[in-house]
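In what follows, a structure is listed as C-alpha cells, so that the remarks can point back to it.
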C-alpha cells in the first residue's frame with residue numbers, strides 16, 4: 001500500500017512517513033534497489049522527512065564536552081594530546097570533567113586545531129546568564145525581545 005506522498009505538515013504525517021520508510025526498508029532481507037518503485041518511494045519520503053525535521057525538530061549543537069570527546073574519538077586523541085590547547089594536562093582534565101568552563105582562548109584553539117565548530121563549543125555554556133533584573137531590563141527592548149524569542153539557541 002503506497003502512502004500518498006505530499007509535503008508533511010503535521011506530526012502524524014511525519015510519523016506515518018517514518019513508519020512507511022521503516023516498512024519499506026525492512027520488507028525483505030535483500031537490500032532495497034534504489035531504482036525500484038519502493039527505492040524511489042523511500043528516497044522521496046526521506047527527503048520529505050528531512051525537510052519536516054529541519055523545520056520542526058531542530059536539534060541544537062551538542063554539549064561542548066560531548067563535541068570535544070567526539071572529536072578526540074574521531075582523531076584517536078588522548079587528553080595528553082590536546083593538553084596544549086587547554087594550557088596543560090590538569091586543565092584539560094578539569095574541562096572534560098565539568099569542573100572548569102572553556103575559556104575563549106580554548107574555544108578558538110579547539111576550533112582552529114581540531115575543527116570543532118564554534119557553535120558546538122559555545123552552545124553548552126548555559127551557566128553564563130544575566131542576572132534576572134538585567135535580563136528583564138534587556139528584554140524590555142522590543143528588538144532584543146523579538147530576536148531572543150525567535151532564536152532557538154537563545155535562552156528564553
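Read the figures in this text as sums done on the coordinates, not as results from a lab. Worth saying up front: this structure is predicted, and the values here are computed from it rather than measured. Here Cβ is always computed from backbone atoms with ideal geometry, including for glycine, and neighbour counts include all displayed protein chains.
Among 33, 63, 15, the largest mean-square fluctuation in a Gaussian network model of the chain (Cα springs under 10 Å) belongs to 33.
Cβ crowding within 10 Å ranks 75, 25 as 75, 25, fewest other Cβ atoms first.
For residue 145 and residue 104 in one chain, what is 0.36 nm times their gap in residues minus the Cα-Cα distance, to one decimal in nm?
Extra length from residue 145 to residue 104 when fully extended: 12.1 nm.
Using a simple spin-label model with pseudo-atoms 7 Å out from Cα toward Cβ, residue 16 and residue 55 lie 1.6 nm apart. Can you give the angle from 0 to 90° between the axis of helix 104-114 and the longest principal axis of the chain, with both taken from C-alpha atoms, to the nearest 10? Taking the Cα atoms of the chain, the angle to 104-114 is about 50 degrees.
Would you order 78, 51 from fewest to most other beta-carbon atoms within 10 Å of each residue's own beta-carbon?
Going from sparsest to densest Cβ surroundings: 78, 51.
The label-point distance for residue 35 and residue 80, in a model that sets each label 7 Å from Cα toward Cβ, rounds to 5.4 nm.
Dividing the helix sum by the residues of the chain, where each DSSP H run of 4 or more adds -39500 (n - 2.57), gives a mean residue ellipticity at 222 nm of -18500 deg cm²/dmol. Axis angle, to the nearest 10 degrees, between helix 64-74 and the longest C-alpha principal axis of the chain: 70 degrees. Its residue count N sets the reference 2.2 N^0.38 Å, and the alpha-carbon radius of gyration of the chain equals 1.48 times that reference. From least to most packed, judged by other beta carbons within 10 angstrom and beginning with the fewest, 86, 22 follow the order 22, 86. Comparing 114, 12, 77 in a Gaussian network model of the chain (Cα springs below 10 Å), the most mobile by mean-square fluctuation is 12. Share of Cα-Cα pairs in the stretch 11-56 beyond 16 Å, in percent? The calculated P(r) of the stretch 11-56 puts 35 percent of pairs beyond 16 Å. Note on the chain: with a GNM built from Cα contacts shorter than 10 Å, the maximum mean-square fluctuation among 97, 26, 57 falls on 26. Axis angle, to the nearest 10 degrees, between helix 37-56 and the longest C-alpha principal axis of the chain: 40 degrees.
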